[in-house]
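Here's the structure we're looking at; comments come further down.
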Amino acid sequence: MDLSEITLRVKQFIDSRIQLDKTMPVLIGLSGGADSVALSDILVTLGYRCIACHCNFQLRGDEAERDMVFARDMAQTLNIPFRSVRFDTEMYASQKHISIEMACRELRYEWFEEQRKKIGAGAIAIAHHRDDSVETVLLNLIRGTGISGLTGIHPVNGYIVRPLLCLSRKDIESYLSLRGLPYITDRTNKEDIYVRNKIRLQVLPLLESINPSVYATIER
């Protein structure tokens, strides 16, 4: 797909499945990774009033600081407001007796909701894409789930919206290449210490060797 096709696909997905209100601001979770950079650029291109929000969980030392600076600079490049926050994630996880992954999730979404209320935004846009949804289906299946767990990630969950569920990771990388937009890579995405990463790095490549269209098959 070329740029216009990718942008049109997201527009059609928003119109049919999300119905974002252009009269209200949209918060975007901007980590600085490929997915969030593409989401920010596409929503700005489509004419939404975007505000970038970045969470620094202080788990990766200098890399976390680098990510925050990159996200701030990207917001400036896109000419949109930028907000950021630092969390003591390890302390929060210890106090709550939960995993670091769960702590990041809770802190992120609680802060996003606080910002949404302060600004009066109509939605919080998160950059999950099709491949994330496929991974979620397999993750739920492995852990044990009913029918609802096999539906993947939903486009709308309260104020949370996910406009990129209609795109694959390859679509997103193609978009960024065509637009000449930089992004950063979180090294932990390549570590198989997390279950989701094991699914992405080990299970899905094996399934692709059996069925090259496995992503599209599971998506359907």
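If I model a spin label at residue 209 and residue 105 as a point 7 Å from the Cα along the Cα→Cβ vector, what separation in nanometres do I get?
Going by the 7 Å Cα→Cβ label model, 3.0 nm.
Considering only DSSP beta bridges with both partners in the chain, what is the antiparallel share in %, to the nearest 5?
The antiparallel proportion sits near 10 percent.
Tell me, what is the percent relative contact order of the chain, built from C-alpha pairs under 8 Å that lie six or more residues apart?
25
Give me 143, 130, 179 sorted ascending by neighbouring Cβ count inside 10 Å, so fewest comes first.
143, 179, 130
So how far apart, in nm, are the two label points at residue 220 and residue 115 if each is 7 Å from Cα heading toward Cβ?
According to this spin-label approximation, the distance is 3.8 nm.
With springs connecting C-alpha atoms under 10 Å apart, model the chain as a Gaussian network and identify which of 73, 62, 21 has the largest mean-square fluctuation.
Largest GNM mean-square fluctuation: 62.
Using a 10 Å cut-off around each Cβ, can you sort 168, 40 from fewest to most neighbouring Cβ atoms?
168, 40
Can you put 31, 99 in order, fewest other beta carbons within 10 Å first?
Ascending Cβ contact count within 10 Å gives the list 99, 31.
Within the chain, how many Lys pairs that are eight or more residues apart, or on different chains, come under 29 Å at the alpha-carbon?
Going through the chain pair by pair, I get 14.
With the radius of gyration and the Kirkwood radius both derived from the Cα set of the chain, what is their ratio Rg to Rh?
0.95
Residue by residue through region 93-110, what is 3J(HN,Hα) from phi via Karplus (6.51 cos²θ - 1.76 cosθ + 1.60, θ = phi - 60°)? Round to whole Hz and write x for glycine and proline.
4, 5, 5, 8, 6, 10, 6, 4, 4, 5, 4, 4, 4, 4, 4, 4, 6, 5
Taking the simple approach of a point 7 Å from Cα along Cα-to-Cβ for both residue 17 and residue 141, what is their distance in nm?
Output for this residue pair reads 1.9 nm.
By its C-alpha gyration tensor, with a ≥ b ≥ c as the square roots of the eigenvalues, how is region 26-113 shaped: rounded for a/c under 1.5, else prolate for a/b larger than b/c, else oblate?
Prolate.
Here, each number is a calculation from the coordinates, and none is a lab measurement. These numbers were taken from a predicted model, which means no experiment stands behind them. For neighbour counting, all protein chains shown are included, and Cβ atoms are generated from backbone atoms with ideal geometry for every residue, glycine included.
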